[in-house]
Amino acid sequence: MRNEEGLLLVGYRAVPPWIVPAPRDGPLLPPRVLTMSDHLVDPVPDDDTWFASAEAAAALTRHTTEPTARVMAMGVHERDADDVIGLRLTLDTDQLCLNEHVRTPWPAQLHVLGYELIGIEACGFHSWLCYGEVASWAHGTLGLQLNSHGLVNSPTDAERLSEAAEEPGSGLPPIPWVAAAIAVVGQ
């Protein structure tokens, strides 16, 4: 997958994959999903820790007792940056290193593995997968298939999903939903 033009870095986290409980969304979800949601997984060292650099996050993971934690990067398109940063900081000022003051371009060496639909709430970034059978809804309504990481492959499909998520009948709460690029550092 080619990195999207206009992508900005939000920050880095040390996060284990989400082990999908059976029979959630049947064959539409892989057994492990990459996510930035602290509602599905426990980021290291805690839910509010974001890092401004991959190196700082990697230094922490060397000392963690969570063996599956990986340093991951999250980015958003510049058209969504004001919403993501502004709303998050308005709702919860405890989030760290969300690049709220500097527009940091997505690092060229990071390969986007796909897009996670994130909801912006006071309690943190929610994954759309926090809510029941939404992968089935996206497949049936939009024809979307998730990749082997549990992410949407293309930025166009992720944007379509973001728009559909805010419509009644999606099964998702009425909050802002944004497509977030996800990468694993060193992959």
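The values are calculated or read from the model by the stated rules, or taken from the named source; none is laboratory data. Everything quoted here is computed from the prediction, not taken from an experiment. Cβ atoms come from the backbone with ideal geometry, glycine included; neighbour counts cover every protein chain shown. Side chains are part of the model used for accessible areas, which takes the heavy atoms of the whole protein and leaves out ligands, DNA and RNA. Shrake-Rupley method; radii C 1.70, N 1.55, O 1.52, S 1.80 Å.
Annotations
- Top-ranked residue in segment 50-86 [being assigned to a loop (DSSP other than H, G, I, E, B) and of a type in the set (Gly, Ala, Ser); ranked as most open to solvent (accessible area, probe 1.4 Å)]: 52
- Residue tally, condition open to solvent by less than 40 Å² (accessible area, probe 1.4 Å) and either in contact with a helix residue (DSSP H, G or I) (Cβ under 6 Å, 6 or more places away or on another chain) or in a loop (DSSP other than H, G, I, E, B) (or both), over segment 40-49: 4
- Candidate set from segment 138-154 (those that are surrounded by fewer than 22 Cβ atoms within 10 Å (Cβ to Cβ) and out of contact with any helix residue (DSSP H, G or I) (no Cβ under 8 Å at 6 or more places or on another chain)); member that is nearest to residue 114 (Cα to Cα): 153
- Number of residues in segment 22-39 that are assigned to a loop (DSSP other than H, G, I, E, B) and modelled with pLDDT of 90 or more equals 6.
- Residue list for segment 1-20, restricted to those being assigned to a loop (DSSP other than H, G, I, E, B) and modelled with pLDDT of 90 or more: 16, 17, 20
- Options 159, 121; residue that is open to solvent by less than 60 Å² (accessible area, probe 1.4 Å), acidic (Asp, Glu), modelled with pLDDT of 90 or more and on the phi < 0 side of the Ramachandran plot: 159
- Against the numbered list (1) open to solvent by 50 Å² or more (accessible area, probe 1.4 Å); (2) on the phi > 0 side of the Ramachandran plot, residue 166 comes up short only at (2).
- Any hit, segment 97-117, residues being aliphatic (A, V, I, L, M) and at pLDDT below 75: yes
- Scanning segment 58-79 for residues that are touching a strand residue (DSSP E or B) at 6+ places or on another chain (Cβ under 6 Å) and modelled with pLDDT under 85 yields a total of 4.
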